[in-house]
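Chemist: My questions will all concern the structure given below.
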Amino acid sequence: MFPPYKVKATGLDKRAKYILLMDIVAADDCRYKFHNSRWMIAGKADPEMPKRMYIHPDSPATGEQWMSKIVSFHKLKLTNNISDKHGF
């Protein structure tokens, strides 16, 4: 996914293990296109896809490990192809 989603984790128990997941949901039922330097509504959205969550590849890890660096979801792939086993 570009640009990659990055997050800084805080407030975790340093010794507990955590799994980080990414879940993306639609904000509305519209399709958008980028035109003249802004996002514009371009019709009705496709039917909602089956829910799939992306598990961060460093999971599970301790709270100390998650809080020691910025967590990047740079390998996340978004697709509307339901047969793609590697996409979100």
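Chemist: Do the conditions hold for THR79, that is, is it part of a loop (DSSP other than H, G, I, E, B), among the hydroxyl-bearing types (Ser, Thr, Tyr) and modelled with pLDDT of 90 or more?
Modeler: Taking the combined requirement at face value, the residue does not satisfy it.
Chemist: Of the conditions (1) in contact with a Lys or Arg (Cβ under 9 Å, 6 or more places away or on another chain); (2) over 17 Å from SER68 (Cβ atoms), LYS8 fails just one. Which one is it?
Modeler: (2)
Chemist: Of all residues in the stretch 1-46 being over 30 Å from PRO60 (Cα atoms) and of a type in the set (Asp, Glu), which is nearest to the chain's Cα centre (by Cα)?
Modeler: First, pick out the residues of the stretch 1-46 that are over 30 Å from PRO60 (Cα atoms): 28-46.
Now restrict to residues that are of a type in the set (Asp, Glu): 28-29, 46.
Working: ASP28: 17, ASP29: 19, ASP46: 19 Å.
Result: ASP28.
Chemist: Within the stretch 1-51, take every residue that is of a type in the set (Ser, Thr, Tyr) and in contact (Cβ under 8 Å) with a residue 12 or more places away in the chain and give me the one that is least open to solvent (accessible area, probe 1.4 Å). Even if it seems obvious, please write down each step before you answer.
Modeler: So in the stretch 1-51, the residues of a type in the set (Ser, Thr, Tyr) come out as 5, 10, 18, 32, 37.
The next check asks that each one be in contact (Cβ under 8 Å) with a residue 12 or more places away in the chain; those that pass are 5, 10, 18.
Numbers: TYR5: 105, THR10: 103, TYR18: 65 Å².
It comes out as TYR18.
Chemist: Give TRP66, TRP39 a once-over and let me know the one that is of a type outside the set (S, T, N, Q) and in a strand (DSSP E or B). Let's see the steps before the verdict.
Modeler: On the way: TRP66 fails: in a strand (DSSP E or B).
From the options TRP66, TRP39, the qualifying one is TRP39.
The values are calculated or read from the model by the stated rules, or taken from the named source; none is laboratory data. Keep in mind the model is a prediction, meaning the values are calculated, not measured. A quick note on method: Cβ atoms are made from the backbone with ideal geometry, for glycine too, and the neighbour counts reach across all protein chains shown. In case anyone asks, the SASA skips ligands and DNA or RNA and just uses the protein heavy atoms, side chains included. Shrake-Rupley method; radii C 1.70, N 1.55, O 1.52, S 1.80 Å.
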